[in-house]
Amino acid sequence: MSNSLILVGTQWGDEGKGKIVDYFSKQFNAVCRFQGGHNAGHTIYKGDEKFVLHLIPSGIFYDHTSCFIGQGVILSLDSLLEEINQLEEKGIDLNGKLKISRYCSLLLPLHAKIDQLREDTKNSIGTTRRGIGPAYEDKTARRSIKAFDLEDSDLLESKVNALVDYYNYQLETIHGSDPIDNLEVLQDLKETYQKAAKYFGDVTDSLEAIHDNGGSILYEGAQGTLLDVDYGTYPYVTSSNTLATSVGIGSGFPKSIYADVLGVAKAYTTRVGAGPFPTELFCENGKKIAEIGHEFGATTGRPRRCGWLDLVALEYSAKLNNLASLCITKLDVLDSFEKIKVCIGYELDGQEVSFKSRLLHKVKPIYKEIEGWNQSLNSFNAYEDLPAQAKQFIELIEERTKTKVSLISNGPNRNDLILR
Ligand code: GDP
Ligand code: IMO
Ligand code: MG
């Protein structure tokens, strides 16, 4: 039995992972990010104060919780330093609390530049324009600058030169853009690294030590299952593996794979950027969900597309992540809906098809309609006391996903939670 936990998004991201990680962090010795980059935007309310974390694990608000960034994370030093400054300005001390893997591949400003140029073409997929795709491409193509490269000046210079040459060819020939100066890239990189150097270390050793001393580790997923580069709605996905099973590689600690997996899902569905979305609503109900749920991207501020809960997709996610339990967030957003729909199947040319059909842009959702509860859920703190309609909604999810809903979130604040 492991006393650790892997927390992952089960939809297209923004399920409320940050809030749930923050809530659990008080019970854990460490929190570790294992994939993604600063495309993530995890929102946490501490009282009335709002924090949006992009790279720093959402456990940072507890003094006893150590925070780690594993080697599966693609690391922008600029974004990291900006986030550290913002937290320090608000009185959060990171000294001795944050360790980042020396094996992380670095995301440089040139990656963001290429991402933006690509997004400005007709092949746009609606990325966060942060450079995530190009940076992961470099990692796989063995071109990345790794954090440990900064420890050897000669090696660094030759790697930067090769990388800049590669991108300058693209910039000039494909995009008709000005080339980048390799010396500027090198200088900039050295300066930023100097400011962040104290945070780098061996994450594998630290996680192992915490584990061997009986400590507990919470692994914080970013994005969501349906954005996984292999199992998501390709090519409308992010460039990392978002599934719980990527935790071993991404954290660098092999025993992480034995932890139970908690999936987080909204009581409805949202998506930012392009790509298929079977239950998307274009009517008043969609606008109402967006308005009540404040559905604007935490990273880019873009309006999120909204739709009803999709149990076909959630069943797929539950299986792929081997979920031990589920947390349903934002149930309160449905408080004022007289009728609530839940997608229980997809129809294509008169046949019922599964998520795996991969023809999601063509399927028609089959809905089950249930009565709404028509009252505020915010003051409830016991599952038994919830209105019957809300319990029916939760039980529908459990039945279809064969997964227990162990947690319900009924508001954005830390303690707006119903535990079962
Ligand atoms: P993450 O990326 O999965 O961490 O999610 P985001 O932070 O991008 O988006 C979730 C949004 O929903 C944030 O604005 C949260 O403050 C908010 N939120 C989280 N849980 C709840 C909830 O139960 N009810 C309401 N009304 N808002 C919530
Ligand atoms: P959190 O961790 C929602 C989406 C982008 C785009 C696609 C590819 O806050 O849940 P990328 O910049 O990664 O190359 O963009 O993935 N995307 C997210 N959507 N939440 C996120 O993170 C996301 N991170 C990336 O909108 O559709
Ligand atoms: Mg988010």
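The values are calculated or read from the model by the stated rules, or taken from the named source; none is laboratory data. In this text, all values refer to a predicted model and were calculated from it rather than measured experimentally. As a convention, Cβ positions derive from the backbone with ideal geometry for all residues, glycine included, and neighbour counts pool all protein chains shown.
Details
- Test: residue in region 253-262 that is under 18 Å from the mean Cα position of the chain (by Cα), surrounded by 18 or more Cβ atoms within 10 Å (Cβ to Cβ), away from ligand 2 (no atom under 14 Å from the Cβ) and part of a strand (DSSP E or B): yes
- Per-region count, region 1-23, residues more than 6 Å from ligand 1 (Cβ to nearest atom), more than 16 Å from residue 316 (Cα to Cα), modelled with pLDDT of 95 or more and not small (Gly, Ala, Ser): 7
- In this entry, residue 48 is excluded by the filter for residues that are over 23 Å from residue 412 (Cα atoms) and either within 16 Å of ligand 3 (Cβ to nearest atom) or among the acidic types (Asp, Glu) (or both).
- Scanning region 291-317 for residues that are within 20 Å of residue 334 (Cα to Cα), among the small types (Gly, Ala, Ser) and surrounded by 23 or more Cβ atoms within 10 Å (Cβ to Cβ) gives a single hit, 313.
- Matching residues in region 21-43 - criterion: being within 14 Å of ligand 2 (Cβ to nearest atom) and surrounded by fewer than 23 Cβ atoms within 10 Å (Cβ to Cβ): 41, 43
- For region 128-169, a residue qualifies if it is more than 16 Å from ligand 3 (Cβ to nearest atom) and part of a loop (DSSP other than H, G, I, E, B), and the qualifying residues are 131, 141, 142, 143, 144, 145, 152.
- Hits in region 223-270 - residues which are within 26 Å of residue 289 (Cβ to Cβ) and aliphatic (A, V, I, L, M): 226, 227, 237, 262, 264, 265, 267
- Residues of region 275-322 that are in a loop (DSSP other than H, G, I, E, B) and either without any contact (Cβ under 8 Å) to a residue 12 or more places away in the chain or more than 16 Å from ligand 1 (Cβ to nearest atom) (or both): 275, 276, 277, 278, 279, 281, 282, 283, 294, 301, 308, 322.
- Members of region 115-136 that are more than 16 Å from ligand 1 (Cβ to nearest atom), among the β-branched types (Val, Ile, Thr) and in contact (Cβ under 8 Å) with a residue 60 or more places away in the chain: 125
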